[in-house]
Structure formats: C-alpha cells, structure tokens
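K.L.:
Shown below is the structure under consideration.
The values are calculated or read from the model by the stated rules, or taken from the named source; none is laboratory data. Keep in mind the model is a prediction, meaning the values are calculated, not measured. Because the Cβ atoms are built from the backbone with ideal geometry, glycine has one as well, and the counts that use them run over all protein chains shown.
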Amino acid sequence: MALPEPSASGRFGEFGGRYVPETLVPACQELEEAFRAAWADPAFRAELDDLLHHYAGRPSPLTDCRRLSEELGLRVLLKREDLNHTGSHKINNVLGQALLARRMGKTRLVAETGAGQHGVATATAAALLGMECMVYMGEVDMGRQALNVFRMRLLGAEVVPATSGSRTLKDAVNEAMRDWVATVEDSHYCLGSVMGPHPYPWMVRELHTVIGDEARAQCSEVLDGGVPDVVTACVGGGSNAIGIFSGFADTAAELVGVEPAGGAAVGRGVPGVVHGMKSYLMQDEFGQVQEAHSISAGLDYPGVGPEHSHLAAIGRARYEQVTDAEVIDAFQLLSRTEGIIPALEPAHALAWVSRDRAALAGRTVLVNLSGRGDKDVAQMMEILG
Ligand SMILES: *Cc1c(COP(=O)(O)O)cnc(C)c1O
C-alpha cells in the first residue's frame, strides 16, 4: 500500500481523528471494525470487484490526449473516471460502502450531496441492493442541480432539502449526521468523500485506490515502465485526488491538488475542527466556518479531507488554486481539442495545467478526469450563451 494507514486514533500526522457526539462513537468503532474485516475478506473484495467491472464499467481507460498535448506543449494523460456508471468516480466508494452496510445488516443508506453526483451514486447503489435511501441536499444546490434531484427520485430515493446556514453542502453534511445519530441501528451514513470522523477518510480512500492502481499500471504500459512527472486532480473533499495519488505516492511523481480559489481549504485555511475531523478549514477571525464559493457545486466545501492537510504539511503534495474564469476556459478547451466535455470539478485540474503550461513544458501530466460534464451543460449554456 503506497499511502500508510492512519494511527489507531485515525490521525494522519496531526490531522483527522474522531470529533463526534458520544452517541456516534460506538457507531464509528463498529464501522471501522466491519470495514477492516470486509477489506481483508477475499469474498467481499471479489463481490466488489465484480460490481465495479460488470456494473460500473471498470477498468476506466487511460486516454493519451494528442491534440490537447500539442496545444499545451506538454503530454496530457487522462484517467477517465467520467466513463464510470453514473458519470463520476463516486460510484467506487458508494458500491463499497453499500455492500459493507448490507454486510452489517443495515437496510437504509443516508447520504449528503453537493452537486448531486454522490446522491445519485448512493441512490443507484440503494436501488441495486434493494435498500432505502435518504439524501440531504442544500436547498440552494437543489435549485442549481434540479436534474440530479429528479434522477435521485427516479431511483427511489427521498431527497430532503437542508435549509439551514448557506443551504449548501456543509449544511447537508450536518443534516445527514443528525439523521445518522437518530437512526444508527438500521442506517449507514454513506459519506461521499475522504472526510468526516475516522474511519471515513481512510475507508473512502481505500475504496478509491482502484483509480490509482489502475492508472499506475496503465501509465506503465504507455510510458514503457515509467510514471508521469506530475499527477493532478481537483480537490473538494479530496476523494478523487487521494484515489489517484495513492497509486503514485511511492514514486518520484509530483502530486498536485487543485482547489477553487473561493474554496481553498489547504491554500487559505487554518487547522480547525468540522464534521468530525481536524483539518485545514476556511474560517473567519472568530473561528466560524466560512462559506465557500465556486462555480462548481461539487467543490463548494470550506474544508478538506485530513490526509490532504497532512500531505501538504509534510510537503508530499502541493495545492494550487484556480479561478472560475480559468475553469470556464479549461471546460471549453478539453471539449474542443479532445471531444470530451468534462465536469466543472476536473476542469479545475485542467485549468491549472493550462495556466502553468510554461513551467510544465515537455513533461507528462496525468489528470484525473473525475466526472463528465452532462450535469453542467445547462449552467455553462447560461454563462457562455
Ligand atoms: C464530487 C465530485 C468531486 C469532488 O469530490 P472529491 O471528494 O474532492 O473528489 C470532483 N469531481 C466530481 C466529478 C465529483 O462528482
């Protein structure tokens, strides 16, 4: 395993941990034990691998981008998580957690969602396994991503608006945690990124290592046994980034996470505690959590997974910021040069590559294309006219 396990208390260096109400401590411990046992059980792994292959469509391809590379003066390889069932990397994590929940005897999945991709993935897994599903979504996001709300309902999930605070992702997480406290006997909280209390950051990372493992083997084939010079991904909570980083952490590849300038927890935050974990967090001078602002609802989160805070602190990964305007350009650039319409989230990673192309000249850059742009075309149509 290229990235080490957290400590027994769930810490990556000084970050992580388990800051939850007393009622949830046994639930987190039970979950940790259940996941540890399942992850070591070949039958569980085989069932998950089978679903990832026959249901989600893995392995996802690696695409060598000829025209984009020529335009930027560097070599771009894309890990195509956009081609997974439901349109993003989220399905890797959700199928794993849904199988685990069933193994634990739970009959109901609770989830939070921002742009709706994690909600759709969770509703999908619930339908597949015949489980009940309740998704909390910020009221503002429900307006921005109406199509995904309809999708979740089609899939049989109940979608509940989070009406407190900024009525976005951070508030949906609060509501989902509140639900879990009250229903923990029969419900599993299917958290959508490498955040929250231990064991979530570790468990969700493990369920996404499939991205990095596949990419490492695929790059080796394309690069004659080599690895890319740079591996990059967008960072909201940080799950798609940690998934691809995990495959290259033991190599000389530079690891670069890209945050939205308006939600740069690593770049602009300070250590704090939110949603059960200690991590970098955007706070005001009074220690109140600040609102994040990004063109992409999926990255509108003021915190970041604790392992990213640790990787930044020890200098193993670095974190860059891009503006909404740069993202809009990158969204069009990939569409025009490669015939691939990206989601706005991975367009952040592409935006950084494009902006820093002079510094990256001649190098090989692997970009995790975490999702496809279908969910974003209506929003972009309004912006671009
Ligand atoms: C949810 C989402 C993200 C952000 O989540 P991470 O945990 O940071 O990966 C990024 N890309 C897509 C396509 C998403 O749906």
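K.L.:
Here are some conditions: (1) within 16 Å of the ligand (Cβ to nearest atom); (2) touching a strand residue (DSSP E or B) at 6+ places or on another chain (Cβ under 8 Å); (3) acidic (D, E). D229 meets all but one. Which one does it not meet?
P.N.:
(1)
K.L.:
I'm trying to understand the selection: among the residues of region 288-309, which are assigned to a strand (DSSP E or B) and either without any contact (Cβ under 8 Å) to a residue 60 or more places away in the chain or away from the ligand (no atom under 12 Å from the Cβ) (or both)?
P.N.:
If the condition is that a residue be assigned to a strand (DSSP E or B) and either without any contact (Cβ under 8 Å) to a residue 60 or more places away in the chain or away from the ligand (no atom under 12 Å from the Cβ) (or both), then V289 is the only one that fits.
K.L.:
Need pairs with beta-carbon distance below 9 Å; first residue under 19 Å from L191 (Cα atoms) and within region 270-287, second of a type in the set (D, E); sequence gap 6+ or separate chains.
P.N.:
Short answer, once both residue conditions are applied: K278/E14; S279/E307.
K.L.:
In region 354-365, is there at least one residue being within 16 Å of the ligand (Cβ to nearest atom) and crowded, with 24+ Cβ neighbours inside 10 Å?
P.N.:
No, region 354-365 contains no residue that is within 16 Å of the ligand (Cβ to nearest atom) and crowded, with 24+ Cβ neighbours inside 10 Å.
K.L.:
Looking at A111, A98, can you tell me which residue is modelled with pLDDT of 95 or more, more than 21 Å from A233 (Cβ to Cβ) and in a helix (DSSP H, G or I)?
P.N.:
A98
K.L.:
Going by the structure shown, is G196 at positive phi, in a loop (DSSP other than H, G, I, E, B) and away from the ligand (no atom under 16 Å from the Cβ)?
P.N.:
In short, no.
K.L.:
While we're on this one: Could you please tell me which pairs satisfy a Cβ distance under 7 Å, a separation of 6+ or placement on different chains, a first residue in region 236-250 that is within 13 Å of the ligand (Cβ to nearest atom), and a second residue that is of a type in the set (V, I, T) and in a loop (DSSP other than H, G, I, E, B)?
P.N.:
The qualifying pairs are G237/V194; G237/V304; G238/V194; G238/V304; S239/V194; A241/V235; I242/V194.
Residue-wise test of (1) at negative phi; (2) hydroxyl-bearing (S, T, Y); (3) within 19 Å of the chain's Cα centre (by Cα); (4) away from the ligand (no atom under 16 Å from the Cβ).
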{"residue": "T163", "(1), (2), (3), (4)": "yes, yes, no, yes"}
{"residue": "A172", "(1), (2), (3), (4)": "yes, no, yes, no"}
{"residue": "R178", "(1), (2), (3), (4)": "yes, no, no, yes"}
{"residue": "T183", "(1), (2), (3), (4)": "yes, yes, no, yes"}
{"residue": "D213", "(1), (2), (3), (4)": "yes, no, yes, yes"}
{"residue": "S220", "(1), (2), (3), (4)": "yes, yes, no, yes"}
{"residue": "L223", "(1), (2), (3), (4)": "yes, no, no, yes"}
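K.L.:
How about region 341-372: which of its residues are in contact with an Asp or Glu (Cβ under 8 Å, 6 or more places away or on another chain), touching a residue at least 60 places away in the same chain (Cβ under 8 Å) and closer than 18 Å to S296 by Cα?
P.N.:
Result: P342, A343, P346, H348, A351, W352, N368, L369, S370, G371, R372.
K.L.:
Quick check on V159: is it more than 12 Å from the chain's Cα centre (by Cα), of a type in the set (A, V, I, L, M, F, W, C) and within 13 Å of the ligand (Cβ to nearest atom)?
P.N.:
No: the conditions fail for V159.
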